[in-house]
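S.K.: Have a look at this one before I ask anything.
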Amino acid sequence: MKTSRILILFAHPALHKSRVNRVMMRTVRALDGVTFHDLYQIYPEFHIDVKHEQRLLGEHDIVVFQYPYLWFNVPALIKEWQDLVLVHGWAYGHQGDALLGKKVLSVITTGGGEDAYRKNTFNRFTVRELLAPLEQMATRCRMEFLPPFVVHGTFRMAEDEIRKHAVDYSRMMEALRDNRVDFGRARGLERINADLDTVIRD
């Protein structure tokens with residue numbers, strides 16, 4: 001069976017302070033078929049090589065944005081990346097079909113617990129609702145937007161729980177690579193890691 005090539009666009013503006021993302025990134029960066037691309041390491045001055053980024057996108061089937069969820073948005077470098085790389089006539093618009101059919105997944109960590117991201121609670125919206133701009137980006141680029149992989153409650157998370165989420169993340173990337181994800185079941189979930197045993201075909 002043909003495998004899918006995965007591009008992880010990693011963006012953490014304060015990685016030295018991270019407990020969770022550092023562990024998660026270590027579990028996936030050496031996986032076969034996965035290109036781990038640390039945007040803040042490569043572009044500390046935000047001088048993005050647009051042609052290089054477009055070539056990377058063209059070489060991969062699945063695009064993963066991995067980042068901490070700060071103020072209900074993507075980190076600034078991901079926004080800069082979107083503005084410069086996803087240009088009209090290439091990613092969208094007339095003859096803009098470079099990303100047609102590719103899949104997009106957000107891998108997000110939040111300090112707050114899952115209960116804080118529900119209707120009529122502290123943050124008023126679910127994470128899936130707050131990702132509407134990314135979902136619309138995918139729609140405009142004729143990509144398939146997948147429910148996010150969300151790790152909630154990182155502020156108080158124990159080390160063994162961090163490792164469990166990292167293992168789940170690696171398992172998800174391997175299943176995506178090997179085309180073992182039931183996308184029909186995944187689409188109905190608020191977050192794709194809510195029930196990996198159902199989503200992943202072993």
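Read-outs: derived from the displayed coordinates by stated rules, not from any lab. Since the model is a prediction, treat every value here as computed from it, not as a measurement. Positions of Cβ are generated from backbone atoms using ideal geometry, with glycine treated the same way; all protein chains shown enter the neighbour counts.
S.K.: Going by what's in this entry, would GLN41 be described as exposed (fewer than 15 other Cβ atoms within 10 Å of the Cβ), among the polar types (S, T, N, Q) and closer than 24 Å to PHE149 by Cα?
M.R.: Yes.
S.K.: Only helices (runs of 4 or more DSSP H) wholly contained in segment 9-71 count here; list those with 3 or more residues that are of a type in the set (D, E, K, R).
M.R.: Of the helices (runs of 4 or more DSSP H) lying wholly inside segment 9-71, those with at least 3 residues that are of a type in the set (D, E, K, R) span 50-59.
S.K.: Pairs, please: C-beta under 8 Å, at least 6 apart or cross-chain, first residue of a type in the set (S, T, N, Q) and in segment 129-149, second surrounded by fewer than 21 Cβ atoms within 10 Å (Cβ to Cβ)?
M.R.: Note: pairs meeting the criteria are THR139/PHE145.
S.K.: Any chance you could count how many residues in segment 72-113 are assigned to a loop (DSSP other than H, G, I, E, B), charged (D, E, K, R) and crowded, with 17+ Cβ neighbours inside 10 Å?
M.R.: 1
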